[in-house]
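A.B. asks: Starting off with a structure, shown below.
The values are calculated or read from the model by the stated rules, or taken from the named source; none is laboratory data. Keep in mind the model is a prediction, meaning the values are calculated, not measured. Glycine gets a Cβ as well: all are built from the backbone with ideal geometry, and neighbour counts include every protein chain shown. The accessibility values were calculated without ligands, DNA or RNA, using every heavy atom of the protein model including side chains. Shrake-Rupley method; radii C 1.70, N 1.55, O 1.52, S 1.80 Å.
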Amino acid sequence: MDANTLHHRFIEPMDVLFLRGNKLFGDPGSHGESLVPPWPSVAAGALRSDLLAREGVDLAAFAAGRIEHPVLGTPARPGPFTLTGFGLARRRHDQEIESLHALPADLIAEADDIGRVAALQRLQPVDPAAGLASSAPLPLWPVLPQKSRGKPMGGCWLTQAGWAAYLAGRLPGLAEVLTTQQLWAIDERVGVGLDMAQRRAADGQLFTAQAVAFKPGVGFLASVRGAEPGRDGMLRLGGDGRGAALSVARHQPTTVDFDAIVRSGRARLVMTTPGLFPDGWQLPAMGPDLTIEWPGLKARLVCAAVARADVISGWDLAQGRPKPAEQVAPTGSVYWLDELQTTPDALRKLAAAGLWPGPDQNPQRRAEGFNRFCFAAW
């Protein structure tokens, strides 16, 4: 098997899913929210567990590090398996799987009086007017040019055609924008705390949790390099291990015109999974003068649109304890790069590798699909 071959799998829920974040719940009156899409580590864990189960590997011995798998390695030293992409997707009428993307931070949807998407606008990096002061560390500010005030709308998603237009520097059309209501619904479930000593329901310990009910044909698209996941079957996914069908995805990834980006001398960098960076929201290897030097690329960061930091964690099955809580730059964060010096081949290799300062940094999170991004025209 070619280690560079990219394998696409469609994961379609067969039941409601409990896609929990890292917020504790279960106390009387608490509320457990679902995270859609979940962190890529959810898909990585499900696919890796499925591989081990198919091959009859002793899971306890693997978790203890006594068995080294040829593509998964060990929990402490992961092998070549790498999740390179994970997000929402849906099956079209022609059975092709199209990816769906939450609006990047530089796209703003505007709602009409009845809650429909009425307009789509883009933030523009501008040089602040003389006399304006702020704590922004970058020379340009992301500004939304509006003739009149509108009502911003959340819960919007781009179709794959809309994503292709966005990466090419065009504004997607309204027909290429979907709303959450078209993709899934929330099903509130009531839970009861248990008294383990008396083996009965605990008094006064009711809580609620969000179950996610996907519309028919809606699921997740996972892309893997370095290993071939199972081609069909069932996965245990999310809280309570609810069932999801696994199948080979007929999917054509969105292409980027790297030659046009190089000719323009500038680009946008868009996070497609959460970014786990050493210095918070700042891109790896950024100098005090805002210059960035990566293999085959040199540029200057001039503007950024980054939402409030998320926190990732999770449960380490091998160690039997929570993973460290770490701040991440959210999916959809946008960085504008100017004075770009690179080649199309260098851009292609960087996008394939992800934003990691070095080949040995955080191999566990790298394998789980964090720090993935796309270059886009500016």
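A.B. asks: Can you work out which of the residues in segment 190-205 that are in contact (Cβ under 8 Å) with a residue 60 or more places away in the chain and surrounded by 14 or more Cβ atoms within 10 Å (Cβ to Cβ) is nearest to the chain's Cα centre (by Cα)? Outline the logic, then answer.
C.D. replies: Within segment 190-205, the first condition is being in contact (Cβ under 8 Å) with a residue 60 or more places away in the chain, and the residues that meet it are 191, 193, 204-205.
Keeping just the survivors that are surrounded by 14 or more Cβ atoms within 10 Å (Cβ to Cβ) gives 191, 193, 205.
Working: G191: 29, G193: 32, Q205: 34 Å.
The selected residue is G191.
A.B. asks: Among the residues of segment 104-134 satisfying the criterion of being touching a Pro at 6+ places or on another chain (Cβ under 9 Å), at pLDDT 95 or above and not in a strand (DSSP E or B), which is surrounded by the most Cβ atoms within 10 Å (Cβ to Cβ)?
C.D. replies: D106
A.B. asks: Taking the stated definitions as given, is G150 open to solvent by 30 Å² or more (accessible area, probe 1.4 Å) and either of a type in the set (D, E, K, R) or at pLDDT below 95 (or both)?
C.D. replies: Working: open to solvent by 30 Å² or more (accessible area, probe 1.4 Å): no; either of a type in the set (D, E, K, R) or at pLDDT below 95 (or both): yes.
The answer is no for G150.
A.B. asks: Here is a check on your reading of the model: is F62 in contact with a Pro (Cβ under 8 Å, 6 or more places away or on another chain), open to solvent by less than 70 Å² (accessible area, probe 1.4 Å), of a type in the set (A, V, I, L, M, F, W, C) and at pLDDT below 95? Please lay out each step first, then the result.
C.D. replies: Working: in contact with a Pro (Cβ under 8 Å, 6 or more places away or on another chain): yes; open to solvent by less than 70 Å² (accessible area, probe 1.4 Å): yes; of a type in the set (A, V, I, L, M, F, W, C): yes; at pLDDT below 95: yes.
The answer is yes for F62.
A.B. asks: Within segment 66-89, how many residues are more than 14 Å from the chain's Cα centre (by Cα) and either more than 25 Å from G354 (Cβ to Cβ) or open to solvent by less than 20 Å² (accessible area, probe 1.4 Å) (or both)?
C.D. replies: Residues that pass the stated criteria total 7.
A.B. asks: What is the number of the single condition among (1) in a helix (DSSP H, G or I); (2) open to solvent by 10 Å² or more (accessible area, probe 1.4 Å); (3) over 26 Å from L221 (Cα atoms); (4) of a type outside the set (D, E, K, R) that I261 does not meet?
C.D. replies: (2)
A.B. asks: Looking for whichever is under 30 Å from D106 (Cα atoms), within 18 Å of the chain's Cα centre (by Cα) and without any contact (Cβ under 8 Å) to a residue 60 or more places away in the chain here; the options are R268, R308, R300. Which one fits?
C.D. replies: Numbers: R268 fails: without any contact (Cβ under 8 Å) to a residue 60 or more places away in the chain; R300 fails: within 18 Å of the chain's Cα centre (by Cα).
Checking each option against the conditions leaves just R308.
A.B. asks: Let me ask something additional. Kindly list, by first and then second residue, each pair from a residue in segment 167-187 that is within 19 Å of L19 (Cβ to Cβ) and outside any strand (DSSP E or B) to a residue that is of a type in the set (F, W, Y) and open to solvent by less than 50 Å² (accessible area, probe 1.4 Å), limited to pairs with Cβ atoms under 8 Å and residues at least 6 apart or on different chains.
C.D. replies: That search, which allows pairs on different chains as well, returns T180/W157; L183/W157; L183/F214.
A.B. asks: Quick one: which residue in D345, D338 is in a strand (DSSP E or B), among the acidic types (D, E) and modelled with pLDDT of 95 or more? Please lay out each step first, then the result.
C.D. replies: Working: D345 fails: in a strand (DSSP E or B).
The conditions single out D338.
A.B. asks: Determine which single condition G85 fails, assuming it passes every other condition in (1) assigned to a helix (DSSP H, G or I); (2) over 18 Å from Q319 (Cα atoms).
C.D. replies: (1)
A.B. asks: If you don't mind, there's one more thing I want to ask. Have a look at A329, A318 and point out the one that is closer than 30 Å to L19 by Cα and in contact with a Gly (Cβ under 7 Å, 6 or more places away or on another chain).
C.D. replies: A329
A.B. asks: Output the residues belonging to segment 224-241 that are over 12 Å from F10 (Cβ atoms) and hydrophobic (A, V, I, L, M, F, W, C).
C.D. replies: Passing the criteria: V224, A227, M234, L237.
A.B. asks: I'd like to know if segment 166-185 contains one or more residues that are within 20 Å of the chain's Cα centre (by Cα), over 20 Å from R116 (Cα atoms) and surrounded by 17 or more Cβ atoms within 10 Å (Cβ to Cβ).
C.D. replies: Checked segment 166-185: at least one residue is within 20 Å of the chain's Cα centre (by Cα), over 20 Å from R116 (Cα atoms) and surrounded by 17 or more Cβ atoms within 10 Å (Cβ to Cβ).
A.B. asks: Could you grab me the full set of residues in segment 188-225 that are in a loop (DSSP other than H, G, I, E, B) and modelled with pLDDT under 95?
C.D. replies: Quick first cut of segment 188-225, residues in a loop (DSSP other than H, G, I, E, B) only: 196-199, 215-217.
M196, A197, Q198, R199, listed by residue number.
A.B. asks: Taking the options A222, A285, name whichever one is over 30 Å from A111 (Cβ atoms), in contact with a Lys or Arg (Cβ under 6 Å, 6 or more places away or on another chain) and not polar (S, T, N, Q). Steps first, answer last, please.
C.D. replies: On the way: A285 fails: in contact with a Lys or Arg (Cβ under 6 Å, 6 or more places away or on another chain).
Matching residue, one of A222, A285: A222.
A.B. asks: Quick one: how many residues across segment 241-269 are within 20 Å of R300 (Cα to Cα) and either touching a helix residue (DSSP H, G or I) at 6+ places or on another chain (Cβ under 8 Å) or charged (D, E, K, R) (or both)?
C.D. replies: Taking segment 241-269 as the starting set, the residues that turn out to be within 20 Å of R300 (Cα to Cα) are 258-269.
Keeping just the survivors that are either touching a helix residue (DSSP H, G or I) at 6+ places or on another chain (Cβ under 8 Å) or charged (D, E, K, R) (or both) gives 258-259, 261-263, 266-268.
The qualifying residues number 8.
A.B. asks: Restricting to segment 311-322, and then to whatever is modelled with pLDDT under 85 and under 21 Å from the mean Cα position of the chain (by Cα), can you tell me which residue is nearest to A267 (Cα to Cα)? Outline the logic, then answer.
C.D. replies: Taking segment 311-322 first, the residues modelled with pLDDT under 85 are 314-322.
The next check asks that each one be under 21 Å from the mean Cα position of the chain (by Cα); those that pass are 314-316, 322.
Working: G314: 33, W315: 37, D316: 37, P322: 38 Å.
Filtering first and then ranking leaves G314.
A.B. asks: Another one. Would you check which residues across segment 359-373 are of a type outside the set (S, T, N, Q), open to solvent by 20 Å² or more (accessible area, probe 1.4 Å) and part of a loop (DSSP other than H, G, I, E, B) and list them? Can you show your working first?
C.D. replies: Going through segment 359-373, the residues of a type outside the set (S, T, N, Q) turn out to be 359-360, 363, 365-370, 372-373.
Restricting the remaining residues to those that are open to solvent by 20 Å² or more (accessible area, probe 1.4 Å) gives 359-360, 363, 366.
Across segment 359-373, the qualifying residues are P359, D360.
A.B. asks: Could you tell me which residue of segment 357-374 is modelled with the highest pLDDT, considering only residues that are farther than 20 Å from V42 by Cα and either under 20 Å from the mean Cα position of the chain (by Cα) or acidic (D, E) (or both)?
C.D. replies: Filtering segment 357-374 down to residues farther than 20 Å from V42 by Cα leaves 357-361, 374.
After this cut, where a residue has to be either under 20 Å from the mean Cα position of the chain (by Cα) or acidic (D, E) (or both) as well, the list is 357, 360-361, 374.
Values: P357: 74, D360: 77, Q361: 83, C374: 97.
Here the residue is C374.
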